[in-house]
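The values are calculated or read from the model by the stated rules, or taken from the named source; none is laboratory data. Owing to the predicted nature of the structure, the values given are computational and were not obtained by experimental measurement. Note that we place each Cβ from the backbone using ideal geometry, even for glycine, and neighbour counts take in every protein chain shown.
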Amino acid sequence: MTAAPDTADIREVVLAHGRYVWRLLRYLGVPTRDLDDVCQDVFATVYQKLDQLSDDGIRPWLSTICINHAKNYRRRARVQREVLVDDVPDSFVVTTPDVSLDRARKHNELLALLDDLDEERRTVFVLHAIEDIPMEQVSKLVGCAVSTAYSRYERAYAELEKKLRKP
């Protein structure tokens, strides 16, 4: 049995990568209202498995953990027939300047478009187009051939482009 990792180690991981984990989970379909809980679950997994960190680096490892937690979250939400949407309070809309409001609307539109993609395409698209992870690494993270990852990306891109062109 291995010793538990030092709490300073996990603190460093959370401080260095917390924003990345939060952002990735959001783009992978976890609603804002549940992000703190799912992030905590991710870092609980990180804490339990920190001694298993490979030489590939922490970002790919964290990405894999995030992908799995987001997938499990979405699966549970489907079973519970929960609608995965974010509620924006009226006070947020009223007190936000036009530029911020426009940005928030575009962000919400992107999230809605991503929600319409199937899980495999969405994951590849988010990792490559939004998180700027090279496709070779994306294919390893999702467990498919590079050509399959490119195919999923291209299909997601085409699907998003088609939806954006609709009047």
Any residue at all in region 142-152 that's aromatic (F, W, Y), modelled with pLDDT of 95 or more, under 17 Å from the mean Cα position of the chain (by Cα) and not assigned by TED's automatic domain parsing to the domain that holds Y27?
no
Looking only at region 114-133, which residues are in a helix (DSSP H, G or I) and either farther than 19 Å from G29 by Cβ or acidic (D, E) (or both)?
D115, D116, E119, E120
If the Cβ limit is 7 Å and pairs must be 6+ apart or interchain, which residue in region 22-38 that is under 15 Å from K71 (Cβ atoms) and not assigned by TED's automatic domain parsing to the domain that holds I130 pairs with which residue that is of a type in the set (G, A, S) and in a helix (DSSP H, G or I)?
L24/S63; L25/A70; L28/A70; G29/A70; V30/A70
Every residue in region 134-167 that is assigned to a helix (DSSP H, G or I) and among the small types (G, A, S), please.
S139, S147, A149, S151, A156, A158
Looking at the structure I just gave you, is L111 assigned to a helix (DSSP H, G or I) and in contact (Cβ under 8 Å) with a residue 60 or more places away in the chain?
yes
Among the residues that make up region 32-48, is at least one of them in a loop (DSSP other than H, G, I, E, B) and surrounded by 15 or more Cβ atoms within 10 Å (Cβ to Cβ)?
no
Which residue pairs have Cβ atoms under 8 Å apart, sit 6 or more places apart or on different chains, and have a first residue in region 142-167 that is farther than 23 Å from A70 by Cβ and a second that is surrounded by 10 or more Cβ atoms within 10 Å (Cβ to Cβ) and not acidic (D, E)?
L164/L113
